[in-house]
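Below: the structure, in structure tokens.
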Amino acid sequence: MASSQTWAIQSYRSRLGDRGLARFEVLGRDSDRSLIRFLARPEAANLRTVVSKTLAGEPPKKGGILAALRLARSPE
């Protein structure tokens, strides 16, 4: 790789690091591509938190089913 290309890549990765981001490669099924991209978006922070808690094995909050049913209730 030419030195100019190496410098450009290092500069790009440095700028990403300044913003708190990192570039990495993930192997997965082609059908999961949109899911992985969605989870990687900055505005998906709440969903990432829920997924992390689920994977960490934290018990769900009491009353979660009732709260979900109240939100899903159709207007009369």
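The numbers here are math on the coordinates, done by the rules we state, and not lab data. Just so we're clear, the structure is a prediction, and the values are computed from it rather than from any experiment. Glycine gets a Cβ as well: all are built from the backbone with ideal geometry, and neighbour counts include every protein chain shown.
Data for the structure
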{"read-out": "Listed candidates (i) 1.90; (ii) 1.74; (iii) 1.01 - label of the one calculated as Cα Rg over 2.2 N^0.38 Å", "value": "(ii)"}
{"read-out": "Furthest towards positive pole of dipole, Gly64, Gly17, Trp7, structure part the chain, Cβ charges", "value": "Gly64"}
{"read-out": "Extended-chain gain in nm, criterion 0.36 nm per residue less alpha-carbon gap, Ala67 and Arg19", "value": "13.6 nm"}
{"read-out": "Residue-averaged 222 nm ellipticity for the chain, from DSSP H runs of 4+ at -39500 (n - 2.57), nearest 500", "value": "-18000 deg cm²/dmol"}
{"read-out": "Helix axis angle, 3-18 relative to the chain longest principal axis, alpha carbon, degrees", "value": "30 degrees"}
